[in-house]
Each structure stands twice: as C-alpha cells, then as structure tokens.
Amino acid sequence: MIEEKDYDEIIKISKDIETSAKVINDILKKNNIDDLNDFISTVEGYSKYLNTNIELNKDADVALKDLVPDKKRTSN
C-alpha cells in the first residue's frame, strides 16, 4: 500500500493516466497542435513514475517483511 491506496488501485490510475495521455496526444497530432507536447510528456512521465514507485514499494515490502512483526502472529 501507498498511503490509503493498494498497489492495484495505483496501477489502474497509472494506466488510466497513460491511456488519457495517448488519447490527448493523438487528438493533438490530428489537429497539428504542438502547444501541449510538454504537458503530455509530463503526464506520461508521471504515469511511469507511479509504476516505478509501485515496484520500489513492493521491493521494500519484501525486504521489510522479516524485519516488521506480523500483526496476526503477535496478536495471539
């Protein structure tokens, strides 16, 4: 989890952002509009950032698994 969102929710958000950026980019290309290229690049970069952040958090979860006591085991 990252804050209150689980990884699957964040992956869905990232994919939605990526899809939206592609749709916007296609519309801009069809209409020969170059003014928003930086914006589209930023949106695509944010989607990639989310995916990278998820992978890093998953790796951290694995690394911390043995260091953090399992609540289920310690509550008995």
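The values are calculated or read from the model by the stated rules, or taken from the named source; none is laboratory data. The structure displayed is predicted, hence computed values, not measured ones. With ideal geometry, Cβ positions are generated from the backbone for all residues, glycine too; neighbour counts draw on all protein chains shown. For accessibility, only protein heavy atoms count, side chains too; no ligands or nucleic acids. Shrake-Rupley method; radii C 1.70, N 1.55, O 1.52, S 1.80 Å.
Take the chain with all the other protein chains still there, run a 1.4 Å probe, and you get 84 Å² of accessible area per residue.
For every other residue with a beta carbon closer than 14 angstrom to the beta carbon of E55, add +1 if it is Lys or Arg and -1 if Asp or Glu, then tell me the sum. Numbers along the way, then the final one.
Values: positive: K48, K58; negative: D8, D59, D61.
Summing Lys and Arg as +1 and Asp and Glu as -1 gives -1.
Each peptide in 32-40, 7-15 gets a packing score, the mean of other Cβ atoms within 10 Å over its residues, and the list from highest to lowest is 7-15, 32-40.
The angle between the Cα long axis of helix 7-30 and the main principal axis of the chain comes to about 10°, on a 0 to 90 degree scale. Applying the Kirkwood pairwise sum to the alpha-carbon positions of segment 1-42 produces a hydrodynamic radius of 11.6 angstrom.
Rounded to the nearest 10 degrees, the angle from helix 37-65 to the longest Cα principal axis of the chain is 10 degrees.
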